[in-house]
Each structure stands twice: as C-alpha cells, then as structure tokens.
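No value in this document is a laboratory result; all are computed from the given coordinates. It should be emphasised that the depicted structure is a prediction, and the values quoted were computed from it without experimental measurement. Glycine also receives a Cβ, built like all others from the backbone with ideal geometry; neighbour counts cover every protein chain displayed.
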Amino acid sequence: MLPILGIIGGVSYHSTIHYYKRINEAYGKAKGGHSSAPIMIDSLDFSIVERCRLAGKWQELANSVLSAALRLERVGCQAIMVASNTLHKFAPLLESRLGIPLLHIGDGIAFELNQRQKQKVLLLGTKLTMDEPFLRQRVESKFEGSILCPDPEEKLELSRIIYEELTQGMIKESSKAFYEAICSKYQELGVDGILMSCTEIGLLIPADEDRFLDSLEAHVSAGVEFLLVSE
C-alpha cells in the first residue's frame with residue numbers, strides 16, 4: 001500500500017497550489033510514467049487564520065491547525081506537512097499530539113543550507129516568523145551556519161507585502177524591488193544566502209539563483225523523499 005502524505009494548506013491557497021504542483025512534478029520525475037503523488041490536503045479558511053492572527057487568538061488558531069492534522073491522520077495519512085512557515089509556531093503541539101511524523105519545514109531548510117555549504121543567511125518571512133524563535137531555533141539546531149533577520153522597520157514592510165499582496169495573488173514591481181534591495185543590502189554585509197521563509201515569497205522572487213533558498217522547495221523535497229523511501 002502506498003504511503004499517503006497529508007498537507008495542511010490554504011495559508012494561502014496560492015502557495016498550496018504550488019506545493020501540490022511541485023510535489024507531483026518531483027514525484028513523477030522520480031517514478032516515471034504517469035505517476036502522481038498520493039496526497040491528501042486539508043485546506044484551512046485563510047480568513048479565519050487571519051482573524052485569529054490579528055486578534056491574537058493563538059489558542060483558537062492552534063486548535064484549528066491541530067484539528068486539520070488529526071483529520072488527516074484519521075483518514076490514513078502516514079505523515080503531515082504544514083504548508084506554511086508561520087503556522088510552524090504550532091509544530092510542538094502537533095508533534096506532541098500526532099501518532100505520525102510531522103515533516104517540519106525547518107528540518108528541510110537546514111538540510112538544504114548545509115548541502116549548499118552556506119555560512120550566514122538572511123531570514124525573510126512574516127513578522128511573526130522573523131520575530132519569534134520557533135523556526136529559527138529549529139533550523140539553527142541542525143544548520144552549521146548562522147541566521148540573521150532584517151531591521152524592525154524592514155520587517156514591517158516585508159510582512160505587509162506578504163499579507164496585503166502575496167497572499168491575495170498580487171505581484172507588484174515596487175514590492176519586488178523592495179525585497180531585492182533588502183537582499184542586496186545584507187549581501188554587502190556578508191550574507192551568503194537568502195532564506196525565503198514564507199511560502200509566498202517565491203511568487204515574487206523566483207529562487208533561480210544559488211543565493212536564494214525557497215523554504216517551500218526545501219519542504220517539497222522532504223515530502224517527496226518521505227513518499228519515495230516509505231514505499
């Protein structure tokens with residue numbers, strides 16, 4: 001029986017579509033023929049996620065994420081992925097309550113950074129992801145280099161672009177220019193890698209250069225590897 005990979009998506013649906021597409025592309029390439037990946041997606045209502053985030057109702061949001069994970073486990077998934085860097089705030093809760101593995105996005109990121117032999121990387125993402133330690137500490141526990149975050153004012157604008165534009169499918173040249181200016185600034189300060197730790201950033205800046213690491217792509221690789229080795 002083929003293993004089934006469960007994905008908690010909808011945060012936002014734009015990046016969830018990319019998860020589905022990229023996992024199937026990589027799985028199909030590895031398996032050949034008409035193969036497509038055995039996946040189940042539980043898609044959260046992003047408006048509820050946003051309401052909880054803005055109101056600071058973290059317990060309500062945690063319960064929603066946990067409920068989605070448990071639903072996927074009940075229907076037979078052998079592992080869970082949360083298709084959002086920010087929602088990995090609740091990874092410890094999921095790991096304590098699930099009877100199946102959580103494929104943590106931070107583990108995939110650390111693996112790819114080490115593979116590329118990066119030494120000092122800049123973390124870009126939502127303000128919550130940049131401010132709180134839940135992702136950075138997970139990566140640092142397995143990454144041999146160091147992680148920097150932008151200045152407070154820069155964090156506000158980076159996060160605004162994500163929530164007001166990218167999660168709604170809006171791509172603006174002015175926002176792309178702002179992100180690229182931040183990347184250039186920190187590269188001049190010695191950063192040798194840009195960690196795109198929001199699954200929507202790749203919609204704005206394709207990770208087509210070695211300096212960029214898209215967390216979504218790192219997570220996808222981990223998910224595909226799980227499916228292939230579990231067969």
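Dipole orientation for the chain: of the candidates Leu44, Cys183, Phe212, Leu44 has the Cα lying most toward the positive pole (charges on Cβ; Lys, Arg +1; Asp, Glu -1).
Counting lysine pairs in region 106-214 whose alpha carbons fall under 16 angstrom apart, excluding pairs fewer than 8 residues apart on the same chain, gives 7. Between Ile41 and Ile7, the built amide H atoms are under 5 Å apart, and every one of these is 5 or more places off in sequence or on another chain.
In a simple Cβ point-charge model (Lys, Arg +1; Asp, Glu -1; nothing else charged), region 93-140 has a dipole of about 140 debye relative to its Cα centre.
Computed from Cα positions, the angle between helix 58-74 and the longest principal axis of the chain comes to roughly 40 degrees.
Can you show me the helix-derived [θ] at 222 nm for the chain, built from DSSP H runs with n ≥ 4 at -39,500 (n - 2.57) apiece and divided by the number of residues, rounded to the nearest 500.
On the way: 11 runs with 126 residues, N = 231.
Only helices count here, giving -16500 deg cm²/dmol.
If you average 1/r over every pair of different alpha-carbon atoms in region 71-129 and take one over that average, what Kirkwood value in Å do you get? Final number for the Kirkwood radius of region 71-129 is 13.1 Å. Of the residues Gly193, Ser12, Pro92, the one whose Cα sits farthest towards the positive end of the charge dipole of the chain is Pro92 (charges of +1 on Lys and Arg Cβ, -1 on Asp and Glu Cβ, taken about the Cα centre).
Test of understanding: in a Gaussian network model of the chain with alpha carbons linked when under 10 Å, which of Gln59, Gln119, Gln187 would top the mean-square fluctuation ranking? Fluctuation is largest for Gln59. The angle between the Cα long axis of helix 46-55 and the longest principal axis of the Cα atoms of the chain comes to about 50 degrees, rounded to the nearest 10.
To the nearest ten degrees, helix 13-31 and the longest principal axis of the Cα atoms of the chain are 60 degrees apart. Here the alpha carbons of region 41-139 define both size measures, Rg and Dmax, at 14.3, 41 Å. When the chain is treated as a GNM with alpha-carbon contacts under 10 Å, the residue of Ser96, Ser197, Ser146 showing the greatest mean-square fluctuation is Ser96. Ranked by how many other Cβ atoms sit within 10 Å of their own Cβ, fewest first, the residues Asp45, Asp208 fall in the order Asp208, Asp45. About its Cα centre, the dipole of the chain is roughly 520 debye, where the only charges are +1 on Lys and Arg Cβ and -1 on Asp and Glu Cβ. Think of each Lys and Arg Cβ as +1 and each Asp and Glu Cβ as -1; about the Cα centre, that makes the dipole of region 26-143 roughly 280 debye.
Compare Gly108, Gly99, Gly145 in a GNM of the chain, Cα atoms joined below 10 Å, and give the one with the largest fluctuation. Checking each option, the largest mean-square fluctuation is seen for Gly99.
3J(HN,Hα) couplings calculated from phi for region 123-135 with the Karplus curve 6.51 cos²θ - 1.76 cosθ + 1.60 (θ = phi - 60°) are, in sequence order, 8, 10, x, 5, 4, 4, 5, 6, 7, 8, x, 4, 8 Hz; Gly and Pro show x.
Starting from the Kirkwood Rh over alpha-carbon pairs, what translational D in µm² s⁻¹ does region 106-214 have by Stokes-Einstein at 10 °C and 1.306 mPa s? Display every interim value, and only then the final one.
On the way: Rh = 13.8 Å.
Once the numbers are plugged in, D ends up at 115 µm²/s.
In whole angstrom, note down how far apart the Cα centers of region 129-191 and region 15-66 are. If we compute the Cα centre of each part, the gap is 21 Å.
Rg/Rh, computed from the Cα trace of the chain with Rh as the Kirkwood radius, has the value 0.95.
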